[in-house]
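Heads up: the structure comes next, in structure tokens.
The values are calculated or read from the model by the stated rules, or taken from the named source; none is laboratory data. Source: prediction; values computed, not measured. Virtual Cβ from ideal backbone geometry, glycine too; neighbours counted across all protein chains shown. Accessible surface areas use protein heavy atoms only, side chains included; no ligands, DNA or RNA. Shrake-Rupley method; radii C 1.70, N 1.55, O 1.52, S 1.80 Å.
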Amino acid sequence: MARRGSLLAVAAALLVAVVAAAVPPTCERIECPAYEVVDSANGFEIRRYTDAMWITTAPIEDISFVAATRTGFLQLFNYIQGKNLYNETIEMTAPVLTQVSPSDGPFCASSFTVSFYVPAKNQADPPPAEGLRVDRWAGARYAAVRRFGGFVADADVGEQAAQLDASLQGTRWAAAVNDARRADPASPYTVAQYNSPFEFSGRVNEIWMLFDDAAAAATSM
């Protein structure tokens with residue numbers, strides 16, 4: 001029995017190590033929003049975020065995800081460099097989020113908003129700035145997540161979102177994700193990017209499909 005207990009303890013420790021290793025490496029160097037992994041399977045992970053705060057751009061109309069993200073990131077970079085009403089420099093965080101509202105056709109402009117995670121020390125009073133807004137995730141917010149590497153190209157975004165959606169079908173999370181999509185059809189998915197544009201290897205990107213705690217609770221009934 002003692003040997004069995006030891007083996008179980010080792011297995012539990014290995015499981016903790018695997019979960020810890022799944023955290024994007026960038027988050028070991030700079031601040032990222034804390035989350036708890038509540039489920040994982042082949043092709044997806046379900047996370048629970050609590051009380052995250054973001055600074056978000058106004059909608060950016062463009063046919064290119066890459067171009068729109070670059071435009072939004074430059075606005076946010078200027079913001080953290082002190083172009084805000086407090087003239088305050090803010091630490092870089094990760095990830096940078098791009099929420100995608102796809103167009104009806106390949107030659108029509110889609111709508112994108114780009115967001116920067118506000119460091120914990122600034123969340124009590126985030127510096128305001130023209131053209132940017134504060135988004136606060138009050139309480140629990142859930143994300144179905146698919147991770148992929150490399151530099152994100154325009155063609156990757158829809159393909160990775162479709163693969164995440166396919167991996168969720170037939171699971172207990174599919175209904176929650178679908179309900180969230182019906183409630184907000186203009187924003188079916190978000191792209192999270194964790195690396196500087198000057199990092200060429202070990203890049204980490206994710207597709208997120210967000211849903212709330214009420215939908216998550218329904219999956220456990």
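Worth a mention:
- Annotation: residue 102 fulfils all but one of (1) under 30 Å from residue 38 (Cα atoms); (2) open to solvent by less than 60 Å² (accessible area, probe 1.4 Å); (3) not hydroxyl-bearing (Ser, Thr, Tyr); the unmet one is (2).
- Residues being in contact (Cβ under 8 Å) with a residue 12 or more places away in the chain and open to solvent by less than 100 Å² (accessible area, probe 1.4 Å) - total across region 65-85: 12
- Test for residue 145: is it touching a helix residue (DSSP H, G or I) at 6+ places or on another chain (Cβ under 7 Å), buried (at least 19 other Cβ atoms within 10 Å of the Cβ) and either among the hydrophobic types (A, V, I, L, M, F, W, C) or under 22 Å from residue 40 (Cβ atoms) (or both): no
- Check on residue 173, touching a residue at least 60 places away in the same chain (Cβ under 8 Å), touching a strand residue (DSSP E or B) at 6+ places or on another chain (Cβ under 7 Å), among the hydrophobic types (A, V, I, L, M, F, W, C) and surrounded by fewer than 20 Cβ atoms within 10 Å (Cβ to Cβ): no
- Criterion violated by residue 218 - all others in (1) at pLDDT below 95; (2) within 17 Å of residue 68 (Cα to Cα) satisfied: (2)
- Residue 112 vs. criteria open to solvent by less than 60 Å² (accessible area, probe 1.4 Å), touching a residue at least 40 places away in the same chain (Cβ under 8 Å), over 19 Å from residue 36 (Cα atoms) and assigned to a strand (DSSP E or B): yes
- Boolean, residue 143 is at pLDDT 95 or above and over 30 Å from residue 87 (Cβ atoms): yes
Condition check ((1) on the phi < 0 side of the Ramachandran plot; (2) in a loop (DSSP other than H, G, I, E, B); (3) among the basic types (Lys, Arg)) across all residues:
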| site | (1), (2), (3) |
| --- | --- |
| 170 | no, yes, no |
| 175 | yes, no, no |
| 178 | yes, no, no |
| 181 | yes, no, yes |
| 199 | yes, yes, no |
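- Counting residues in region 177-188 that are under 30 Å from residue 104 (Cα atoms), open to solvent by less than 50 Å² (accessible area, probe 1.4 Å), hydroxyl-bearing (Ser, Thr, Tyr) and modelled with pLDDT of 95 or more gives zero.
- Screening residue 192 against (1) of a type in the set (Gly, Ala, Ser); (2) farther than 28 Å from residue 27 by Cα; (3) not in a loop (DSSP other than H, G, I, E, B) leaves a single unmet condition, (2).
- Residue within region 190-205 that is touching a residue at least 24 places away in the same chain (Cβ under 8 Å), surrounded by fewer than 20 Cβ atoms within 10 Å (Cβ to Cβ) and touching a Pro at 6+ places or on another chain (Cβ under 9 Å) present: yes
- Subset of region 23-53 (residues that are touching a Lys or Arg at 6+ places or on another chain (Cβ under 9 Å), of a type in the set (A, V, I, L, M, F, W, C) and either part of a strand (DSSP E or B) or open to solvent by 30 Å² or more (accessible area, probe 1.4 Å) (or both)): 37, 38, 44, 53
- Residue count for region 136-168, restricted to those that are in a helix (DSSP H, G or I) and either touching a strand residue (DSSP E or B) at 6+ places or on another chain (Cβ under 8 Å) or of a type in the set (Ser, Thr, Tyr) (or both): 9.
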